[in-house]
Amino acid sequence: MVKNFVLDTNVLVHDPDCLEKFEDNILIIPFPVLEEIDKLKSKQGSLGQRARQMNRKLDEIRKDGDITKGVKLKSGGSVKILIFNEFNVTLPQFTAEHYKDNAILLYTLELKRRDKKPTILVTKDINLRVKADVLGIDTQDYLADKVEINELLSGVKEIDDASLRKTFTKVGSISVRDIEPEIFPNTFVDFGEGVYGRVDPEGKSVKKLSVNMDTSCWGIYPRNREQLFAYELLLDDRVKLISMPGIAGTGKTLLSLAAGMRKVNDEKLYERLLVSRPVIPMGQDIGYLPGSQEEKMKPWMQPIYDNLFLLFTNRHMDPDTFLKRSDKLGIEVLSYIRGRSIPNQFMIIDEAQNLTPHEVKTILTRIGEESKVILIGDPYQIDSIYLDTGSCGLVYAASRFISHPLAGHITLVKGERSELATAAAELL
């Protein structure tokens, strides 16, 4: 049955391609939503960029017909801008006037009264979903880029089989068909008793790891199974994209930086190590801080500097001097990366859980030849109000690339920063 889906502003700017993801249903954009998009289009950064992109899409759509009556989409559905000059429904007493969320609720209620088709409000705003439910409006989150985190995204397949373990230990490899036909490329296999292998990028056989617990990058050794697997991916130049989620203190940033410095500075396989992270502050935005660009960046990039200080201390080097004198290492806020082409670089994107799926796509489509990208972050510590564990860019990218030979994935699970940090991550 064809349904009416009323789209909130946050859905349109979360994913400007969302209009083609509702199959053959009718997409309703209330006029107040256009007002909100109009205000957002002048904002700096990715939010303003996505609002402008949505504006351009609607401008193209209206050329194909009267958008107030409905214009057909490639998906088979249609999109309509909804305008009501009179309302026969009212909101509860004390509802704030001139509040766009309430205007969207009013439009949805009026549409529900006039149109007998099932009407559903789609919004990423949890409170708006609660208010809609109170008013008797069917509502849901935007589900097109939702991903369920499960054992598939751990990056590890455990097979405690004595016969397979013996064969693998003796021969050094084993056919994927002898294990499980559906196992993906670059998945790690734990045969038990400390015997590990990895599915090759072609997805045909499981081979021994090229690293071990004595492998060092700038004085940093793996301390657990997942860190060992992380080094296996980080040091393999065939793997161009690595997604590495994990709770605080599991070593995501330190391992990535250590491997990056080895690849760039020691092996000289990449021209530059580029480290970046999104600016999602718990308070003021970057523009309100005093000082130069470098001074403004310092609070957001301090965790990177802290890890670099440890690495450079192992080499008896000064990180500040290296940064000033060498072009081998660059540290930038992600806002300044957008729009560039990035060839032959070892790129680490920290706090990737704060990126939307659309932002991750925008970044990865800018990556040039011979570059390697590492997405790291904690999907359970998200600062963006419209993202959650199942819809953040880090998890979304991992799920979409799970079977691709160019990509590898490993979830770090054991905290190694300190006993207190691990306990805090688990208990608080």
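The values are calculated or read from the model by the stated rules, or taken from the named source; none is laboratory data. Keep in mind the model is a prediction, meaning the values are calculated, not measured. Here Cβ is always computed from backbone atoms with ideal geometry, including for glycine, and neighbour counts include all displayed protein chains. Remember, those area values only see protein heavy atoms, side chains included, never the ligands or the DNA or RNA. Shrake-Rupley method; radii C 1.70, N 1.55, O 1.52, S 1.80 Å.
So here's what we get for this one:
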read-out	value
Cα-only Debye scattering, segment 1-103: base-10 log of I(q)/I(0) at q = 0.10, 0.17, 0.23 Å⁻¹	-0.30, -0.83, -1.29
Within the chain, longest stretch clear of exposed chymotrypsin sites (Phe, Trp or Tyr not before Pro) (DSSP loop, no more than 16 other Cβ within 10 Å)	100-379
Spacing of the two label points (7 Å from each Cα toward its C-beta) at N265 and T169, in nm	3.9
Dipole magnitude of the chain about its Cα centre (Cβ charges: Lys, Arg +1; Asp, Glu -1), debye to nearest 20	920
Simple label model, 7 Å out from Cα along Cβ direction - I385 to V413, nm	3.5
Stokes-Einstein D (µm²/s) once Rh is taken as the Kirkwood radius of segment 230-427 over alpha-carbon pairs, at 37 °C in 0.692 mPa s	191
Distance violations [Cα-Cα > 19 Å] among K146/K361; K204/K361; K39/K100; K207/K268	K204/K361; K207/K268
Among Y142, S243, I67 the positive-end extreme of the charge dipole of the chain (Cβ point charges)	I67
Cβ-Cβ FRET estimate between N344 and K207, R0 fixed at 22 Å, reported to 0.05	0.25
Packing-based order for 199-205, 233-239, using average beta carbon neighbours within 10 Å, highest first	233-239, 199-205
Distance between modelled label sites at K21 and E35, nm, 7 Å Cα→Cβ extension	2.7
Hull-based mean projected area of segment 27-175, where the convex hull spans the alpha carbons, in square nanometres	15.9
Stretch gain in nm, segment L235-Q44, where the contour uses 0.36 nm per residue and the Cα spacing is subtracted	65.1 nm
When segment 367-415 is reduced to its Cα atoms, the Kirkwood hydrodynamic radius in Å	12.5
Option label - Rg and Dmax of the Cα atoms in Å computed here, alternatives [x] 21.7, 77; [y] 23.9, 84; [z] 24.7, 79	[z]
Added length on full extension, which subtracts the Cα-Cα distance from 0.36 nm per residue, K100 to K69	8.9 nm
Residue-normalised accessible area of the chain, expressed per residue, 1.4 Å probe, Å²	50
